[in-house]
Amino acid sequence: MNGHLGRMVHSLRRGAMAPRLARVVIQTPSSTEIYADPERVEAEASRHFQAHFTHPSKEAIEVTEEWAEEYRARPGPDAVNFHPITTDELDEWIDRTPKKKAPGPSGVSFELLRMTGDKFRVHLLAMFNKALETAEIPASWT
């Protein structure tokens, strides 16, 4: 049970067992209001988090020249310094991927990649190297 405790706690945060607010208390200098209606509670909680935890607008952020330089877009890989991924590097990366993890947006799991053969890996390697060489990736990857 000890190894599965984290998974169990995480599962309680989803679905029917997800924590729900029962009441919202709104205090102003002149009054205190308590709401228990579930729709009103959800609306007030949403309003609170939108007001206090939204990302500030771009205009509100002062960016120093030092930070602007740090986050300025860099040019793609230099063709002179580009070193293609080798078959051994790809195989090592695939072997080191996490076990028993859910697939990402592509739907391809690491376990599925580990089951692929040499013919598939040749195409995968060519696709990765082309993306690195041209500094262009398919739109579906972003």
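At full extension, Val122 and Phe49 could sit 21.4 nm farther apart than now, given 0.36 nm per residue minus the alpha carbon distance.
Taking Cα centre as origin and charging only the Cβ of basic (Lys, Arg, +1) and acidic (Asp, Glu, -1) residues, the dipole magnitude of the stretch 93-142 rounds to 280 debye.
Using the Cβ-Cβ distance between Thr28 and Glu70 with R0 = 41 Å, the FRET efficiency computed as 1/(1 + (r/R0)^6) comes to roughly 0.45.
Counted residue by residue at 0.36 nm each, then reduced by the alpha carbon distance between them, the extension gain from Ile85 to Lys101 reaches 3.3 nm. Available extension along the chain between Ala36 and Leu132 is 29.0 nm, counting 0.36 nm per residue and deducting the alpha carbon span. Charge tally for Glu33 (other residues, Cβ to Cβ under 14 Å; Lys, Arg +1; Asp, Glu -1): +1. The aspartates and glutamates whose alpha-carbon is closer than 12 Å to the alpha-carbon of Lys100, local same-chain residues fewer than 8 away aside, are Glu111.
FYI, it's all coordinate maths here, none of it is from the lab. Computed from a prediction, not measured in an experiment: that's the story for all the values here. Counting neighbours? That spans all protein chains shown, and the Cβs are built from the backbone with ideal geometry, glycine included.
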